[in-house]
Structure formats: structure tokens, C-alpha cells
Amino acid sequence: MRLSDLIIQQVADAAECDPCDLPPLYEAIDPDALDALYRHGSPAVEFDYAGYHISIAAEQMISIDKDD
């Protein structure tokens, strides 16, 4: 599964909604660039999406926190 798809699914799970009900991920970050970035390394990335703060640490460890 692509990292961008995994993020969408995890946010949908946290929001208790269908992934199709979320705004497009590209409104927050370029999903193709994000996937490519993690194919070639393990940087730390943070961004906000659909009312959640997403943190991706080394080795693709994803943290999702509700924005206050």
C-alpha cells in the first residue's frame, strides 16, 4: 500500500468516516511526491490534513493527532 493511501485510511479511521468523505490529500500535500520521498529514504515530514496533524517519522511511523 502506498504511504499516501495509508495516511488517508488512518485519518478516516480516526475521524470514523469513509475515506471518500475526506478532502483530497493533494489539498494538503502532493501525494505522489510524498510516496516518492519515502521510496528513497526515511525523512521526517509533518503536515495538516482534514483537521488532523500528521507526523511521519523515520521508517514511515505515522502519528495522527486531532488539530485543536
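Laid out as a table, the results:
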quantity: Net +/- balance of residues flanking ASP13 in space, Cβ distance below 15 Å, scoring K and R +1, D and E -1; calculated: -4
quantity: Loop-resident sites, the chain, for GluC sites (Glu not before Pro), counting at most 13 other Cβ within 10 Å (DSSP); calculated: GLU16
quantity: Segment GLU27-LYS66, extension gain: residue separation times 0.36 nm, minus the distance between their alpha carbons; calculated: 12.3 nm
quantity: Förster-model FRET efficiency, 22 Å R0, ARG2 and HIS53, C-beta, rounded to 0.05; calculated: 0.60
quantity: Protein accessible area in the chain, 1.4 Å probe - carbon and sulfur %; calculated: 49
quantity: 1.4 Å probe accessible area per residue over the chain, in Å²; calculated: 63
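The values are calculated or read from the model by the stated rules, or taken from the named source; none is laboratory data. The model shown is predicted, which means the values in this text are computed figures rather than measured ones. Here Cβ is always computed from backbone atoms with ideal geometry, including for glycine, and neighbour counts include all displayed protein chains. Please note that ligands, DNA and RNA were not included when accessible areas were found on the heavy atoms of the full protein model with its side chains. Shrake-Rupley method; radii C 1.70, N 1.55, O 1.52, S 1.80 Å.
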